[in-house]
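Everything on this sheet refers to the single structure shown next.
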Amino acid sequence: MMINPFFLLVFFVLLYLAVLYESNAALALCLLFVFWFVGSILQLLYNIQKVRMDFPPSANSSKENQAVFTLTVKNPGLLPVSGIKLRLILLDQNGHKAESKILSLSLGPRCRRKYSLTFSSPYCGRFQIYIKKMRIYSFFSLARISRRTDYLGEALFFPEPSLIPLRLSEQTRYFSPEGEDTLENPFLSSVSGSFQDDVRSYHPGDRLGLVHWKLSARADELLIRSPVTGEGFSILLFLDLKAPVQINSVKQISSFFQCAASLSFSMLEIKCSHLMIWFDQKAQCFQRLPIRNEEDLTFALYFLLHGKFYQESRDLYALYSQEYPTDTWASRLLLDTRLELWQEDIKLLSTDAVNWKEDLALTEITL
């Protein structure tokens, strides 16, 4: 509980005048201040128990560097709330303050209001919106009381892809992957559908590469994917989520997301469907998301931004080959957080968080 120093100073001046000059008017004002103070304390104690907030788990990302956060403040009590002050802080991946906003408002009795705030960031990635405490003020701000809230929300700043000059070789263009396993990913049902619905019994003359070995083992008969939906992916884009060691890791991570989105977007521009693959540290498995159009890319970036970075290096090629030994591909790309781009075992590019766009534009990449 805090008292406004200005009103406290006025009270002692009136008290001094009442004692020194035996002023009844000054004494009456002192008593009025006392009643006012007691009433303010009672009002604050009542309001602090009544005021509530509906804090959404995430903000709406409108474009690359903006996120709109909407919260609802409610006062179901019988007394009005003269003033509420909230300080919303935008935290980056390292927990450092990126931006802060002050929200001041007042509520009548049995009232609820929605407020929208727009946060911006020069970097993309998954940020957090945090309210540490809420302050409630009495009439004319005579006194205030604070309450810890610890509300925590999420703000996603999506990368804006840049077009990179890529060339698709004839070998890759007409490459037909064999042995592409089912995309066993819990997030893919709404995008790619279930491959289990697109199988039929094996007929003589069918390619062995279309055999669905896992379902065949379960059904005790040879089953193959229907050629209508059995699309393969000849390009594999691996993303190494090893935590960067740079001092400005937020900028480094942002450039990594931008570069990954640009590579995928540029492949779509040359009509090259592909798989975006990274190791999920939490689930301890690979996430493989098919990218056929821009909707798929947005979907994949949403889950990539939620990916957890790991500390130890991982040989993604070797781990993937062990888990999916029947997969075939025409080309593999690997991008890591050091902004090194590899094709198979050949390093194509090593850039930094400042010049990655220019360096990628000048690099000849033939898939």
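The values are calculated or read from the model by the stated rules, or taken from the named source; none is laboratory data. Since the structure is predicted, the reported quantities are computational estimates derived from the model, not experimental observations. As a convention, Cβ positions derive from the backbone with ideal geometry for all residues, glycine included, and neighbour counts pool all protein chains shown. Areas reflect the complete protein model, heavy atoms only, side chains present, ligands, DNA and RNA absent. Shrake-Rupley method; radii C 1.70, N 1.55, O 1.52, S 1.80 Å.
For a quick check of your reading of the model, give me the residue pairs whose first member lies in the stretch 4-18 and is more than 10 Å from Phe33 (Cα to Cα), whose second is among the basic types (Lys, Arg) and open to solvent by less than 100 Å² (accessible area, probe 1.4 Å), with beta-carbon atoms closer than 9 Å and at least 6 apart or on different chains.
Once the first residue is more than 10 Å from Phe33 (Cα to Cα) and sits in the stretch 4-18, its partners that are among the basic types (Lys, Arg) and open to solvent by less than 100 Å² (accessible area, probe 1.4 Å) give Asn4/Arg144.
Residue by residue through the stretch 40-82, note down the ones that are over 26 Å from the mean Cα position of the chain (by Cα) and in contact (Cβ under 8 Å) with a residue 60 or more places away in the chain.
Ser40, Ile41, Gln43, Leu44, Leu45, Asn47, Ile48, Val51
Quick one: is Asp327 in contact with a Phe, Trp or Tyr (Cβ under 9 Å, 6 or more places away or on another chain) and open to solvent by less than 50 Å² (accessible area, probe 1.4 Å)?
When the stated conditions are applied, Asp327 passes them.
A quick yes/no check of all residues on (1) open to solvent by less than 50 Å² (accessible area, probe 1.4 Å); (2) in a loop (DSSP other than H, G, I, E, B); (3) charged (D, E, K, R):
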site: Phe7; (1), (2), (3): yes, no, no
site: Leu15; (1), (2), (3): no, no, no
site: Glu22; (1), (2), (3): no, yes, yes
site: Val38; (1), (2), (3): no, no, no
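For a quick check of your reading of the model, give me the residue pairs whose first member lies in the stretch 91-106 and is on the phi < 0 side of the Ramachandran plot and in contact (Cβ under 8 Å) with a residue 12 or more places away in the chain, whose second is in a loop (DSSP other than H, G, I, E, B) and of a type outside the set (Ser, Thr, Tyr), with beta-carbon atoms closer than 6 Å and at least 6 apart or on different chains.
Ala98/Asp92
Conditions: (1) surrounded by fewer than 18 Cβ atoms within 10 Å (Cβ to Cβ); (2) touching a strand residue (DSSP E or B) at 6+ places or on another chain (Cβ under 7 Å). Arg292 meets all but one. Number of the miss?
Every condition holds for Arg292 apart from (2).
So, in the stretch 83-95, how many residues would count as being farther than 30 Å from Ile41 by Cβ and surrounded by 10 or more Cβ atoms within 10 Å (Cβ to Cβ)?
5
Within the stretch 140-159, restricting attention to residues that are in a loop (DSSP other than H, G, I, E, B) and touching a strand residue (DSSP E or B) at 6+ places or on another chain (Cβ under 8 Å), which residue is farthest from Lys85 (Cα to Cα)?
Filtering the stretch 140-159 for residues that are in a loop (DSSP other than H, G, I, E, B) and touching a strand residue (DSSP E or B) at 6+ places or on another chain (Cβ under 8 Å), the one farthest from Lys85 (Cα to Cα) comes out as Phe158.
From the list Arg112, Arg135, Arg147, which one is among the basic types (Lys, Arg) and modelled with pLDDT under 85?
Sole residue among the options that is among the basic types (Lys, Arg) and modelled with pLDDT under 85: Arg147.
Restricting to the stretch 128-139, name every residue that is assigned to a strand (DSSP E or B) and either touching a residue at least 60 places away in the same chain (Cβ under 8 Å) or among the hydroxyl-bearing types (Ser, Thr, Tyr) (or both).
Answer for the stretch 128-139, where residues must be assigned to a strand (DSSP E or B) and either touching a residue at least 60 places away in the same chain (Cβ under 8 Å) or among the hydroxyl-bearing types (Ser, Thr, Tyr) (or both): Ile129, Tyr130, Ile131, Met134, Ile136, Tyr137.
Can you name the number of the only condition in (1) within 17 Å of Asp240 (Cβ to Cβ); (2) among the polar types (S, T, N, Q); (3) out of contact with any Lys or Arg (no Cβ under 9 Å at 6 or more places or on another chain); (4) surrounded by fewer than 21 Cβ atoms within 10 Å (Cβ to Cβ) that Ser264 fails?
(4)
Can you confirm whether Gln287 is open to solvent by 30 Å² or more (accessible area, probe 1.4 Å), at pLDDT below 90 and of a type in the set (S, T, N, Q)?
Taking the combined requirement at face value, the residue does not satisfy it.
For the stretch 166-183, state whether one or more residues are under 25 Å from the mean Cα position of the chain (by Cα), of a type outside the set (Asp, Glu) and modelled with pLDDT under 75.
The answer is yes, given that some residue of the stretch 166-183 is under 25 Å from the mean Cα position of the chain (by Cα), of a type outside the set (Asp, Glu) and modelled with pLDDT under 75.
Show me the strands (runs of 3 or more DSSP E) found entirely inside the stretch 66-118 where at least 2 residues are hydrophobic (A, V, I, L, M, F, W, C) and in contact with a Ser or Thr (Cβ under 8 Å, 6 or more places away or on another chain).
Passing ranges, in order: 66-75, 81-91.
Tell me, which residue of the stretch 209-230 that is modelled with pLDDT under 70 and either among the β-branched types (Val, Ile, Thr) or out of contact with any strand residue (DSSP E or B) (no Cβ under 7 Å at 6 or more places or on another chain) (or both) is farthest from Thr326 (Cα to Cα)?
Val228
In the stretch 231-252, what residues are under 18 Å from Arg173 (Cα atoms) and at pLDDT 80 or above?
Scanning the stretch 231-252 gives Ser234, Ile235, Leu236, Leu237.
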